[in-house]
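Below you'll find the structure, written out as structure tokens, and then a few comments.
The values are calculated or read from the model by the stated rules, or taken from the named source; none is laboratory data. Owing to the predicted nature of the structure, the values given are computational and were not obtained by experimental measurement. A quick note on method: Cβ atoms are made from the backbone with ideal geometry, for glycine too, and the neighbour counts reach across all protein chains shown.
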């Protein structure tokens, strides 16, 4: 079996492909390793892999992965951040030669909680830069050298990738479209340096950019800035009060890791912050909660567009 799986496309009105997946007949049960971070992402990959007949071996990160992962019928091994040698030994012992990274590991965790073993310490010392691409790309190379190939993290979840077009009932307004154009140009510049994926804009002005804190925290910070800007009785500002959130893939996005993800929680954070529009990259941003993301956005009056 070559690619991890093939999907049978079926679009719904939200521009998200439906959940019909072609199940392959396997000559013998193949194994797939999952390096699991936090959130729902690893659970979705695990369920999709088992539905396609894979025997799944999970390397669960103690500092990130939910204990519920043990209830999904897979073999689970727990390891700490920094235990690269243990990860390799575990997969080799289990006969895993193909693996997927799924789920977030908070960037600040990597630099605060990590206790690197000798193999990871050696890798870290060899890096000129310690951004996400450099670090995870180096880990991927070490795994490949040990006979473990990392696959695209969305190979089994293509039905959840955003499709081109307006996904919500409401399309972006003229001002929101201007914000999107400006935000995309800023985000592409940030992406070149692997700084972050999210930019928050109001009235063609950049209010907040993402670094280590993550998307939700960036949106929340933008909301706080706007609240301060408009604080006080009779306060006036030259900015449009409504925020536009732009979340895009990096110009050279490696789909094996750090793929842009949004969920219902993102919409909730946007609504609280006063954001009214969300722009995504079609085919490269995962709607982790599927149609529920669009339903939540419609209920909040938030426009979502992917291109």
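Given the criteria outside the structural domain of residue 194 (by TED's automatic domain parsing), modelled with pLDDT of 85 or more, part of a helix (DSSP H, G or I) and surrounded by fewer than 17 Cβ atoms within 10 Å (Cβ to Cβ), does residue 108 qualify? No.
The criterion of at least 2 residues that are touching a helix residue (DSSP H, G or I) at 6+ places or on another chain (Cβ under 6 Å) and in contact (Cβ under 8 Å) with a residue 40 or more places away in the chain is met, among strands (runs of 3 or more DSSP E) falling completely within the range 133-251, by 198-202, 243-247. Only one entry in 45, 56, 23 is farther than 26 Å from residue 167 by Cβ and either in contact with a strand residue (DSSP E or B) (Cβ under 8 Å, 6 or more places away or on another chain) or modelled with pLDDT of 95 or more (or both), namely 56. Comparison of 18, 39, 2 shows that the only residue that is surrounded by 16 or more Cβ atoms within 10 Å (Cβ to Cβ) and either at pLDDT below 95 or touching a helix residue (DSSP H, G or I) at 6+ places or on another chain (Cβ under 9 Å) (or both) is 39.
Among the candidates 305, 293, the residue that is surrounded by 20 or more Cβ atoms within 10 Å (Cβ to Cβ), in contact with a strand residue (DSSP E or B) (Cβ under 6 Å, 6 or more places away or on another chain) and in a helix (DSSP H, G or I) is uniquely 293.
In this structure, does residue 120 turn out to be in a helix (DSSP H, G or I), surrounded by 17 or more Cβ atoms within 10 Å (Cβ to Cβ), on the phi < 0 side of the Ramachandran plot and touching a helix residue (DSSP H, G or I) at 6+ places or on another chain (Cβ under 6 Å)? Yes: the conditions hold for residue 120. For the range 42-97, the tally of residues that are surrounded by 20 or more Cβ atoms within 10 Å (Cβ to Cβ), touching a residue at least 40 places away in the same chain (Cβ under 8 Å) and part of a loop (DSSP other than H, G, I, E, B) stands at 2. Could you check the range 240-281 and list, in sequence order, the residues that are at positive phi and crowded, with 22+ Cβ neighbours inside 10 Å? Selection gives 258 alone. Among the residues of the range 279-298, the ones that are in contact with a helix residue (DSSP H, G or I) (Cβ under 9 Å, 6 or more places away or on another chain) and within 18 Å of residue 243 (Cβ to Cβ) come to 4 in all. Annotation: residue 272 fulfils all but one of (1) over 16 Å from the mean Cα position of the chain (by Cα); (2) closer than 18 Å to residue 300 by Cβ; (3) not in a helix (DSSP H, G or I); the unmet one is (3). Take residue 219 and decide whether it is in the same structural domain as residue 284 (by TED's automatic domain parsing), modelled with pLDDT of 90 or more, more than 19 Å from residue 274 (Cβ to Cβ) and crowded, with 23+ Cβ neighbours inside 10 Å. Criteria not met by residue 219.
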